[in-house]
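Input: a single structure, listed below in structure tokens.
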Amino acid sequence: MSGAASPASALVTVEGIHTYYGKSHILHGVSLEVGPGEVVGLLGRNGVGKSTTLKTVMGLVRPSQGEIRYEGRAITGLAPHRLARLGIGYVPEDRRIFRLLTVMENLRTGLDRAGLDEARKQALLEKVYQYFPVLADRRDQAGGTLSGGEQQMLAIARAMMLEPKIILLDEPTEGLMPRMVSQIRQIIDALHQEGVAILLVEQNVPLTLEACQRIYLMEKGAVRHQAPAAELRADSAVIHQYMGI
Amino acid sequence: MPILLDQILIQTINGIVTGMILALVASGLTLIFGIMDVVNFAHGELFMLGAYVGVTTVVATGSFWLALLVATVVIALLGAVIQITTLRPLLGRDPLTTILATFGLSLVLQNYALWQFGPVARKIPEPISGHFPLFYLDYPWYRLVIAGLSAAIIGALWLFLKYGTYGIWIRATTQDRVMASAMGIPVPWVHTAVFAIGAGMAAASGVLFGPLVGVNHAMGLDWVLKAFIVVVVGGMGNLGGSIAAAIFVSLLEAYASLWVSPAQAVIVSFVVLILTLLFRPTGLFVPTPK
Amino acid sequence: MTSPADAPTMSRQSPVAFWAGFGIVLALLIVAPLVLPEFWRRFVTEILIWGLLAMSSDLLIGYTGMVSFGHSAFFGLGMYGAAAALLSVRPPSLWLALAYGLVAAAVVAVFVAYFSTRLRDIYFSITTLIFSQIFYVIIFTSTEVTGGENGLSFRRPALAVPGLFSIPFDSNTLHWFVLLVVTVSYLVLRRITQSPFGMVLQSIRENEPRTRAVGYAVERYKIVAVMLSGLFAGLAGVLYALQNRFAAPDYVFFVVSGEVVIFNVMGGIGTLVGPIVGAAFFLLLREGFSRFFTEFYLIPVGLIFTAMVIFMPQGLLGFLRRRLNA
């Protein structure tokens with residue numbers, strides 16, 4: 001089940017992953033790929049294993065079988081903090097910003113890395129504040145006091161602090177108002193313009209169809225189908241079948 | 001009754017002095033618990049060993065302040081070693097195992113001290129001698145110095161946590177260890193560092209407390225119990241709460257010892273703990289979550 | 001290290017094997033005082049007594065999932081209760097000593113039982129620890145009543161059934177008496193843990209919220225468990241008083257509670273016999289190491305214990321857990 005991006009140049013390759021939570025067999029041999037700068041979608045019903053796939057890539061869950069490669073080298077089983085430093089950003093499903101830290105401090109958790117001088121740090125911060133002006137306004141406020149949409153932005157901005165080559169985005173539009181949803185859409189586009197790859201897990205089908213270049217469809221813990229987004233836009237019957245809508 | 005008032009005031013000062021040292025010990029303990037859910041039973045022994053390292057350094061160099069520094073650093077390193085060898089393998093297991101493992105370690109450390117230093121208590125000489133008249137007593141300056149120093153160390157810790165780079169790492173890891181890791185923070189090392197800091201603080205307390213009482217291998221036992229009480233009463237993981245609780249409990253005990261013997265005064269802290277657990281289990285100084 | 005718990009229950013592991021093993025061990029213990037030198041005779045008796053204490057604690061730790069660091073309180077009060085009976089009533093009566101000791105332990109157990117229903121996990125454990133310290137301080141400082149630091153000494157009563165016979169205890173008969181009490185206690189505890197009541201306790205250990213949701217009055221079960229545990233621990237205290245003829249506050253100190261937990265962990269929790277084996281193991285290690293390390297035996301023993309917590313958390317008999325509970 002290899003993707004359209006040729007294996008040699010894929011940024012992230014997931015191959016035959018089996019993951020368990022205790023005794024539950026959640027992922028039954030998931031395989032997918034994300035090329036450099038590609039925006040790839042992962043669609044499927046609730047509980048099918050999409051979030052678990054992202055968590056496995058991020059090293060938050062250890063697969064019992066299978067391999068994950070990043071820029072050609074095997075990263076299966078590496079600790080999340082190593083992966084973050086290698087350039088994988090993670091924006092989890094419930095945002096999980098540090099509620100008791102200020103916005104600024106949230107951003108700083110990703111900013112204080114080796115090899116970054118003050119000038120670059122400032123530049124990164126400025127860039128992120130341009131993307132998300134509301135965060136600039138609230139920079140000294142505790143993360144827990146932000147609204148849902150603002151927290152989502154903070155979660156994305158925080159991941160951007162790592163200057164990642166790929167961001168794993170888990171249901172960023174869940175529970176957000178339409179205005180915010182389109183803002184997220186714009187951010188995904190902007191990141192794509194910058195050359196950041198994105199693996200997007202979503203329930204929002206129209207957004208996914210618009211924002212992504214390729215889409216994988218999951219069912220019962222495995223990837224069952226994949227196609228270019230254009231194809232699926234033209235004929236969405238396949239999607240309806242996997243999403244059950 | 002002027003004499004009683006004098007006594008109460010003196011005990012207030014005594015209570016604050018003891019409270020500040022207890023706060024220093026308890027801060028390390030609550031920091032460790034807050035960040036990695038470890039109940040460090042060996043904390044009292046780190047306090048005790050710090051005092052002994054202090055004694056040895058004073059004997060060798062004659063300088064109290066050097067002793068304070070050396071003890072803090074040496075025991076911090078010991079703490080790091082303990083965390084890496086004994087606690088890391090237990091990550092993710094039942095919290096009971098860390099209590100047991102650290103209990104086992106406390107037995108080892110205590111008896112090691114007994115073996116190395118013998119049963120006779122040692123003394124650390126006061127670095128600052130001199131008294132000032134306080135009512136009918138000559139109150140030693142040194143006691144005020146310890147209280148001040150403890151407060152300073154705790155203050156420095158607070159500043160570090162709030163504004164230091166690694167302070168943010170520690171706070172983030174305490175709140176959400178998984179996301180901290182996903183942000184590139186090397187969580188296992190943060191844990192080691194925090195344990196080391198806690199150990200160092202315990203050691204500093206030991207040296208500071210040394211001149212007040214004799215240094216002996218059993219001094220850790222009392223302190224570990226008191227420190228636990230303080231940590232629970234203050235709200236586990238809550239730094240400000242532990243400090244408030246430390247002073248609160250010490251004051252109560254100081255007042256109680258006006259009427260009962262010091263050995264019995266400790267019951268006060270026990271009672272406070274039990275009442276807290278029954279009525280405000282998240283901590284006396286923590287707003288009850290709804 | 002897959003636990004036997006993963007295997008599907010093979011019903012009724014051969015009871016013959018169990019009872020055969022039981023019989024052999026029992027026979028050995030009966031014969032022991034006749035063949036062993038005096039020192040080792042007392043040693044085996046002590047193992048049995050500490051083993052009983054550890055076993056009582058296993059009811060809470062291994063079966064109900066409540067870790068008590070306060071068993072020294074039950075033990076100590078059993079000891080002092082017996083002392084009170086033997087010192088205040090003439091002639092000293094064995095049965096009165098038992099009664100006083102058990103009642104004293106029961107009183108403490110009531111308190112601990114109350115806390116057990118209000119507190120979970122770590123908070124329960126720390127509270128039990130503090131509790132045993134409270135009793136330690138009270139006993140230590142009430143010098144007129146309890147002898148304070150020096151404790152109380154008294155004479156051993158006779159093994160007497162009023163009206164039938166009365167023989168003074170000697171080292172052998174005391175050993176057999178202790179063996180009888182411990183064996184009966186084991187059988188009773190075993191019966192309890194295998195009964196429906198015991199099953200509910202284990203279900204509480206596995207998943208308390210679910211047990212409650214299913215409809216069990218978890219609090220009541222916990223209270224009974226604590227009372228039972230406290231009574232058997234107090235019984236151990238009485239036996240200790242009989243064996244050694246003194247009661248001292250040292251035995252109420254929380255470190256003793258810690259050692260009890262060590263016996264449990266070393267031997268294997270949830271097995272009832274495991275803790276007895278754990279006590280034997282610890283005491284043997286102590287004996288062995290004292291030869292080389294004199295009073296610093298706790299350094300190597302503590303290291304061994306810590307290593308066991310890390311590498312062998314199921315304890316020496318943990319692998320037999322399924323079999324012993326069949």
Compute the normalised compactness of the range A:53-165: alpha-carbon radius of gyration over 2.2 N^0.38 Å, N being the residue count. 1.13
Pop out the ³J(HN,Hα) list for the range C:248-259 in order, Karplus 6.51 cos²θ - 1.76 cosθ + 1.60 with θ = phi - 60°, rounded to Hz; leave Gly and Pro as x. 9, x, 3, 6, 9, 5, 5, 4, 5, 4, x, 5
Long-range amide H contacts for A:Ala222: which residues qualify at under 5 Å (H placed 1.01 Å from N, peptide plane, sequence gap of 5 or more or a different chain)? A:His28
Where in the range A:171-245 are there GluC sites (Glu not before Pro) that are in a DSSP coil and have at most 14 other Cβ atoms within 10 angstrom of their Cβ? A:Glu194
Explain nothing, just the number: dipole magnitude of the range A:7-243 about its Cα centre with +1 on each Lys and Arg Cβ and -1 on each Asp and Glu Cβ, in debye rounded to the nearest 20. 560 debye
Lys/Arg Cβ at +1, Asp/Glu Cβ at -1, dipole of the protein assembly as shown taken about the Cα centre: which of B:Gly19, B:Ile146, B:Leu284 is farthest positive-ward? B:Leu284
Cβ-based charge dipole, the range C:25-252, positive-most Cα from C:Val137, C:Ala225, C:Phe75: C:Ala225
Distance in nm between label sites at A:Ala230 and B:Val271, each 7 Å beyond Cα in the beta-carbon direction? 8.2 nm
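What net charge is computed for the residues neighbouring A:Val39, neighbours being all others with C-beta under 12 Å from the C-beta of A:Val39, Lys and Arg scored +1, Asp and Glu -1? Working shown, then result.
Values: positive: A:Arg185, A:Arg214; negative: A:Glu38, A:Asp189, A:Glu194, A:Glu202, A:Glu210.
Around A:Val39, the surrounding residues sum to -3.
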Would you kindly derive the ³J(HN,Hα) couplings of the range B:158-169 from the backbone phi angles with the Karplus curve 6.51 cos²θ - 1.76 cosθ + 1.60 (θ = phi - 60°), listing them in order in whole Hz, with x for Gly and Pro? 4, 4, 4, 5, 7, 10, x, 4, 6, x, 5, 4
Using all C-alpha to C-alpha distances in the range C:223-268, build P(r) with 10 Å bins and read off the rounded percent in each one. 23, 49, 28, 1
Size of the range A:178-239 along its principal axes in angstrom, Cα-based, largest extent first? 30, 24, 22
Kindly provide the Kirkwood hydrodynamic radius of the range A:7-243 in Å, to one decimal, from all pairs of distinct alpha carbon atoms. 18.1 Å
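Considering every residue in C:121-134, what mean count of other chain Cβ atoms within 10 Å of its Cβ is obtained? Walk me through the intermediate numbers first.
Numbers: counts 3, 10, 6, 1, 4, 10, 6, 0, 4, 11, 3, 0, 8, 6.
Shielding by partners across C:121-134 averages 5.
Arrange the following residues from fewest to most other Cβ atoms within 10 Å of their Cβ: A:Ser182, A:Ser31. Present the calculation step by step, with values, prior to reporting the outcome.
Working: A:Ser182 14, A:Ser31 18.
Ranking A:Ser182, A:Ser31 by Cβ neighbours within 10 Å, fewest first, gives A:Ser182, A:Ser31.
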Give a quick list of chymotrypsin sites (Phe, Trp or Tyr not before Pro) in the range B:241-274 that DSSP marks as loop, anything other than H, G, I, E or B, with at most 16 other Cβ atoms within 10 Å. B:Trp259
Could you give each residue of the range B:218-227 its phi-based ³J(HN,Hα) in whole Hz, using Karplus coefficients 6.51, -1.76, 1.60 with θ = phi - 60°, and x for Gly or Pro? 9, 5, x, 4, 4, 5, 5, 5, 4, 4
Treat each spin label as a single point 7 Å out from the Cα along the C-beta direction, and report the C:Asp250 to B:Trp189 distance in nm. 4.8 nm
Cα-based Rg of chain C normalised by 2.2 N^0.38 Å, two decimals: 0.98
Once all Cα-Cα distances of the range B:152-290 are split into 10 Å bins that start at 0, what whole-number percent is in each one? 11, 32, 35, 18, 4, 0
What net charge is computed for the residues neighbouring C:Gly198, neighbours being all others with C-beta under 10 Å from the C-beta of C:Gly198, Lys and Arg scored +1, Asp and Glu -1? +2
Among the listed pairs A:Lys50/A:Lys127; A:Lys50/A:Lys165; A:Lys50/A:Lys121, which are separated by more than 25 Å between their Cα atoms? A:Lys50/A:Lys127; A:Lys50/A:Lys121
Longest to shortest principal axis, alpha-carbon extents of the protein assembly as shown, angstrom: 102, 80, 49
State the dimensionless ratio Rg/Rh of chain B (Rg: radius of gyration of Cα atoms; Rh: Kirkwood radius). 0.97
Magnitude of the Cβ-charge dipole of the protein assembly as shown, K/R +1 and D/E -1, about the Cα centre, nearest 20 debye? 1260 debye
At R0 = 51 Å the Cβ-Cβ FRET efficiency linking C:Phe197 and A:Asp140, nearest 0.05, sits at 0.30
For B:Ala121, which sequence-distant residues (separation of 5 or more, or a different chain) have an amide H within less than 5 Å of its own amide H, given hydrogens modelled in the peptide plane? none
Virtual spin-label span in nm between B:Thr12 and A:Gln193, 7 Å along Cα→Cβ: 6.6 nm
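Bear in mind that the values in this text are calculations on the coordinates, not laboratory data. Since this is a predicted model, take the numbers as computed values, not measurements. Virtual Cβ from ideal backbone geometry, glycine too; neighbours counted across all protein chains shown.
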